[in-house]
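Undergrad: Please see the structure below; I have some questions.
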Amino acid sequence: MQLYVHIPFCLRKCNYCDFLSGPADESVREQYVNALIKEITQRAQLFGRRGALSTIYFGGGTPSVLTVRQLESIFNVIGKEFRIDRSAEITIEVNPGSARDKVHFLANLGFNRLSIGLQSIHKSELAFLGRIHSFEDFLECYSDARQSGFSNINVDIMTAFPGQTENSLAQTIERITQLECEHISAYSLSIEKGTPFYERFNDIEGPVVGEENERKLYWMTVDMLKDRGYRHYEISNFAKPGYESRHNSGYWKREYYLGVGLGASSCIPAPTGDERNRNTTDMAAYLADPLTKEESSVLTKDEMIEETIYLGLRMMDGVDTDKFVKRFGVTVRSLYGDVIDDLAAQGLIYEGSSSLTLTDLGIDYGNYVFSRFLK
Amino acid sequence: MNQDHIRNFCIIAHIDHGKSTLADRIIERTGLLTQREMSEQVLDNMDLERERGITIKSQAVRTVYKAKNGEEYIFNLIDTPGHVDFNYEVSRSLAACDGAILVVDAAQGIEAQTLANVYLALDHDLDVVPVINKIDLPSAEPERVINEIEDVIGIEAQDAPKISAKMGIGIDDVLEAVVQKVPAPKGDASKPLKALIFDSVYDPYKGVIVFFRIMDGKVSRGTHVRMMATGAVAEVVEVGTFGAGQFIPCDELSAGMVGYLTASIKNVRDTMVGDTITDDDRPCDEALPGYKKVLSMVFCGVYPADGARYPDLRDALEKLQLNDASLNYEPETSVALGFGFRCGFLGLLHLEIIQERLEREYNLDLVTTAPSVVYKVYKTDGTSFDLTNPTNLPDPSEIEHMEEPIVSAEIMVAKDYVGPIMDLCQTRRGRYLSMEYIEQSRALLKYELPLNEIIYDFFDALKSRSKGYASFDYELKGYEQSSLVKLDILVNREEVDALSFIVHSDSAYERGRKMCEKLKDEIPRHLFEIPIQAAVGGRIIARETVKAMRKDVLAKCYGGDITRKKKLLEKQKEGKKRMRQIGNVEIPQKAFMSVLKLEEN
């Protein structure tokens, strides 16, 4: 079982961000932490004891806006209610601006992986995206993290936003890879409803910078990172060998995960099929009863099969077809032979002896490929 | 009941002049049973019918009116469609009637379909009873409209009831006028049975339910009826009349009456609308004239979106044809669309209604191709044939010449819009015949127009150019030689048979160009570039390109996104289902109708 802890607070919403997060005053944050502790306790009693936690991930928002004491109390209750694997990957997302004085404590609490939202090294680009930190803030945060003992650091960067050039992106990549961070997530900007960017760009269909340009920047990122020793292991994720995010890989491999906190999603075992559910996204409802669910559904076997394939294909290692047979009792080919042949003929997927993977072309048209596997 | 106390009539009107509202008022104001019937507790039977859930689909209803002279009259009100497409349907309702209420809007006056319907009624020797409706409107001018009726139609209208069906004003005057002016039926109940089938419905329990009007003779349970055209014989199980929403069984129906019968008839083909029913044991000498067989004017291909439902489509068409003899169909195959039917319709509205009924009542998902008229093709070898499917047009070298159908059109339009309407007719290759002012502010324009210029969007164009102040009616005049070519559409260099259509050679380029533009918008981007070309006789005359899609992938998908992203993928997948695969291009089903929307953006 994996555990995701959602911290829906940040100092300021970025222009592109549609995550469930926003600024809040101290009293709300305190109430939230109490509710979260209550939820962790209660949900652990429901099914937490069944297995140890292999990963823990504090995401947001910006979890680092919580005080050290608050993070500690959450961390402590997790430790009390769950068994945690000795080798568990324990990640926290931080903002370069709000984490500096905390990274040392985070390391002491037991976090062993840090995910820093940098996005770009260029001041004008950071301003455009609505980021509140500077590259200098990041450098200080990064070096503090290293000094505190973090040996597994992810840096988020963004691609394909207006104003970014091949050159400016190349500089960002060049500079962060010089730091030898272990993991890089590189996301193409997507315009989501309810964000300031949506108001500005929603009349543009597809990538704001144009499809052609977006793909050029994407493949340039892939090429540069590969050259610098990073493995392209998921559509938007890169890691030095052995440093692939275990927590995120769990989503793509359909591992079970428990999500706690406002609007957090879970995938948990249920008697007839796996259950996916989501906590309420209404803060007042959550504070009143942190077990309030917004939606919940038990998956059919067909749905689990579909998920296994389209989530698995996001990873460059693809779907392990041997494991698939063990899990579902049928071969992928017997279910999707025609689809596979058709997609292979179009050059979109490659069928190996025990795997099914997207080709480079298939990455460009991933959604089309995924949709073909839906019944 | 004595025939003297029966009135069989219909209501005719231009669309929106208030026909249905008046019909509702008449049913409201009259009763469903005579006093004698009430005492016989027919109500029980009605309840039974209600329990079985059988409702009358036909637009016929029998009501009982107690007139001012104190006597009860049976009114059989038979509804008629108002649209030009349905002259045939109007005509078959009229054949069952002895009179017609003509509803004219007190503000708008006579419109094109008013005239068309009156002429049809007079053709059937019906007495026409004018009624001026909507007198409550501020713009109502009943006196002007009365004079217009007298001047233009030439029927007495001075004492026409002035009513508002909406407000319920003057309804009694209408009912009295029906008693006074619609003649009673004049059949002979002692003669052999002779009855006209004017409609029928299929009921899973009772089989075909036949609606008819008895001219002579009588029919009751046990009568061996024979359908004179089809020769089918059956023993009557039940006869009855039409309540509002129910069948009311009775012992016997006789001359002058309107009602239904069931006879365990399973095959819908046995009871053709327009056929004559007689008594097999005592047949009448000759059948009733029936209806003028109306030829289908518009044809299109109708295909099931899901090829496996071809048999369902066939059954549905068969059932619809039962009470709509004007619907023709025969199987055809298309490279693009698979197995389907070439269907013939009276007009575009008829086509749309049938399409909608197939989709709604029979739960079919359809792909229809661009409508086409019937062309006459004369070949160099001296033979000729009627072309209903553009795909079947022979090579130009084998064609001596072609003819296209021409209609005589009457357009009634407010003076201010005469110019734009004349322009419209001009661009549609219309031949101007005449214009007369029927009053100071309105003109009646007469044109001859090629049918293929009006089947697509002529009504819409007429409406938008006259701001709604124009009405239109037409009838087939005949065929004329014309310079016609087949416009082929190639998608990704493959000819798509279902997209071909016949067009006048002068407009081929423009139509081709517009068609390419339209398809460019309709066809989604693929992983590769798709040329869309229009060609005449193998020569490309227009081209557009659907650019290749370069990216279709979401950057992020984590634990919280999975359900949401799946919905997105499902939507994408659903979209694909509504596509037709032509070569390696997926064409949305609605694209096959895009030729309909080439004009007037």
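Undergrad: What number comes out for the charge environment of B:TYR479, summing +1 per Lys or Arg and -1 per Asp or Glu over other residues with Cβ under 15 Å away?
TA: Details: positive: B:LYS376, B:ARG429, B:ARG431, B:LYS477; negative: B:ASP386, B:GLU400, B:GLU403, B:GLU404, B:GLU448, B:GLU453, B:GLU475, B:GLU480.
Neighbour charge sum, excluding B:TYR479 itself: -4.
Undergrad: Here's another thing I want to ask about it. What 222 nm value per residue comes from the helices of chain B, counting each DSSP H run with n ≥ 4 as -39,500 (n - 2.57) and dividing by all residues, nearest 500 deg cm²/dmol? Don't skip to the end; give the middle numbers.
TA: Details: 14 runs with 145 residues, N = 601.
That comes out to -7000 deg cm²/dmol.
Undergrad: Mind checking which of A:VAL155, A:VAL260, A:VAL208 has the largest fluctuation in a GNM of chain A, springs on alpha carbons under 10 Å?
TA: A:VAL208
Undergrad: Tell me, what is the Rg over Rh of region A:304-375, with Rh the Kirkwood radius over Cα pairs? Walk me through the intermediate numbers first.
TA: On the way: Rg = 10.8 Å, Rh = 11.8 Å.
Dividing the radius of gyration by the Kirkwood radius yields 0.91.
Undergrad: Tell me which residues come under 5 Å, amide H to amide H, from B:ILE438 once H is placed; ignore anything under 5 positions away on its chain.
TA: Placed amide hydrogens put B:ALA443, B:LEU444 under 5 Å from B:ILE438.
Undergrad: Which Cys residues of chain A have no other Cys Cβ less than 4.7 Å away and so no disulfide-compatible partner by this rule?
TA: A:CYS10, A:CYS141, A:CYS181, A:CYS267
Undergrad: If you scale each eigenvalue of the Cα gyration tensor by 5 and take the root, what three semi-axes come out for region B:315-460, rounded to whole angstrom and sorted largest first? Working shown, then result.
TA: On the way: eigenvalues 216, 114, 30 Å².
Rounded to whole Å, the semi-axes are 33, 24, 12.
Undergrad: Now a separate question. Within 10 Å of each Cβ in A:363-369, how many Cβ atoms from other chains are there, averaged over the peptide? Numbers along the way, then the final one.
TA: Working: counts 2, 6, 7, 7, 9, 9, 3.
The per-residue average across the peptide is 6.
Undergrad: Run through all the Cα pairs of the protein assembly as shown and give the fraction in each 10 Å bin from 0, expressed as whole percent.
TA: 2, 9, 15, 15, 13, 12, 12, 11, 7, 3, 0, 0
Undergrad: Around A:SER266, under 12 Å between beta carbons, what's the net of Lys plus Arg minus Asp minus Glu among the other residues?
TA: Around A:SER266, the surrounding residues sum to -2.
Undergrad: May I ask you to evaluate 6.51 cos²θ - 1.76 cosθ + 1.60, the Karplus curve with θ = phi - 60°, for each residue of region B:209-225 and list the ³J(HN,Hα) values in order in whole Hz, giving x for glycine and proline?
TA: For region B:209-225, the Karplus curve yields 9, 9, 9, 8, 10, 7, 8, 9, x, 8, 9, 8, 4, x, 4, 8, 8 Hz.
Undergrad: Can you give me the C-alpha center-to-center distance between region B:133-165 and region B:192-207, rounded to a whole angstrom?
TA: 38 Å
Undergrad: Related question: Let me know the mean shielding of B:561-573 by other chains, meaning the per-residue number of their Cβ atoms within 10 Å of its Cβ. Walk me through the numbers on the way to the answer.
TA: Numbers: counts 2, 9, 9, 2, 4, 9, 0, 3, 11, 4, 1, 6, 8.
Shielding by partners across B:561-573 averages 5.
Undergrad: How compact is region A:2-251 by the rule of thumb for globular proteins, expressed as Cα Rg over 2.2 N^0.38 Å?
TA: Working: Rg = 18.3 Å, N = 250, 2.2 N^0.38 = 17.9 Å.
Rg over 2.2 N^0.38 Å, computed on Cα atoms: 1.02.
Undergrad: When only Cα pairs under 8 Å and 6 or more residues apart are kept, what is the percent relative contact order across chain A? Mind showing how you got there, number by number?
TA: Details: 667 pairs, mean separation 54.6, N = 375.
Normalised by residue count, the contact order of chain A is 15 percent.
Undergrad: While we're here: Just checking the output field for A:260-273: average partner chain Cβ neighbours within 10 Å of each residue's Cβ? Before the final figure, lay out each step's value.
TA: On the way: counts 0, 0, 0, 1, 2, 7, 2, 3, 0, 0, 0, 0, 0, 0.
Shielding by partners across A:260-273 averages 1.
Undergrad: So for the protein assembly as shown, taking the charge dipole from beta-carbon charges (+1 Lys/Arg, -1 Asp/Glu), which of A:VAL33, A:SER168, A:HIS104 sits furthest toward the positive end?
TA: Positive-end residue among those listed: A:HIS104.
Undergrad: Sticking with this structure for a sec: Kindly provide the helix-only [θ] at 222 nm of chain A, computed as the sum of -39,500 (n - 2.57) over DSSP H runs of four or more divided by all residues, to the nearest 500 deg cm²/dmol?
TA: -12500 deg cm²/dmol
Undergrad: Which whole-angstrom value gives the distance between the alpha carbon centres of region A:130-149 and region B:241-290?
TA: Taking the Cα centre of region B:241-290 as reference, the centre of region A:130-149 is 92 Å away.
Undergrad: Looking only at A:ASN167, A:ASN108, A:ASN154, which one moves most when chain A is put into a Gaussian network model with springs between Cα atoms under 10 Å?
TA: Of the options given, A:ASN167 has the highest mean-square fluctuation.
Undergrad: What is the distance in Å between the Cα centres of region B:371-388 and region A:200-238?
TA: 58 Å
Undergrad: Here is a follow-up. Just name one of B:GLY538, B:PHE211, B:LEU77: the one whose Cα is farthest towards the positive end of the charge dipole of chain B (beta-carbon charges, Lys/Arg +1, Asp/Glu -1).
TA: Checking the options against the dipole of chain B, the answer is B:GLY538.
Undergrad: In percent, what relative contact order does region B:152-241 have, based on Cα pairs under 8 Å that are 6 or more apart in sequence?
TA: 18 percent.
Undergrad: OK, next. Just how large is the dipole of region A:41-159 about the Cα centre, in debye to the nearest 20, putting +1 at every Lys and Arg Cβ and -1 at every Asp and Glu Cβ? Intermediate results must be reported in sequence, preceding the final value.
TA: Values: 13 positive and 12 negative charges, 118 e Å.
Once rounded to the nearest 20, the dipole reads 560 debye.
Undergrad: Still on this structure: Step through the residues of region A:143-158 one at a time and calculate ³J(HN,Hα) from phi using the Karplus curve (6.51 cos²θ - 1.76 cosθ + 1.60, θ = phi - 60°), rounding each to whole Hz and writing x for Gly and Pro.
TA: Karplus values, whole Hz, x for Gly and Pro: 6, 4, 4, 4, 5, 7, x, 5, 10, 9, 10, 9, 10, 8, 10, 10.
Undergrad: Something else about it: Hey, what did region A:304-375 get for relative contact order, percent, Cα under 8 Å, at least 6 apart?
TA: Details: 83 pairs, mean separation 25.8, N = 72.
Worked out over region A:304-375, it gives 36 percent.
Undergrad: Tell me, what ³J(HN,Hα) does each residue in region B:408-418 have, in order and in whole Hz, if you take phi through Karplus 6.51 cos²θ - 1.76 cosθ + 1.60 with θ = phi - 60° and put x for Gly and Pro?
TA: 8, 10, 10, 10, 9, 9, 5, 3, 4, 9, 4
Undergrad: Another question about this same structure. Whose amide H sits under 5 Å from the amide H of B:ASP16, counting only residues 5 or more places off or on another chain, with H placed in the peptide plane?
TA: none
Undergrad: Collect residues whose amide H, placed 1.01 Å from N in the peptide plane, falls under 5 Å from the amide H of B:PHE501; neighbours closer than 5 in sequence don't count.
TA: The answer is B:LEU487.
The numbers here are math on the coordinates, done by the rules we state, and not lab data. The structure displayed is predicted, hence computed values, not measured ones. Every residue, glycine among them, receives a Cβ derived from its backbone with ideal geometry; neighbour counts consider all protein chains shown.
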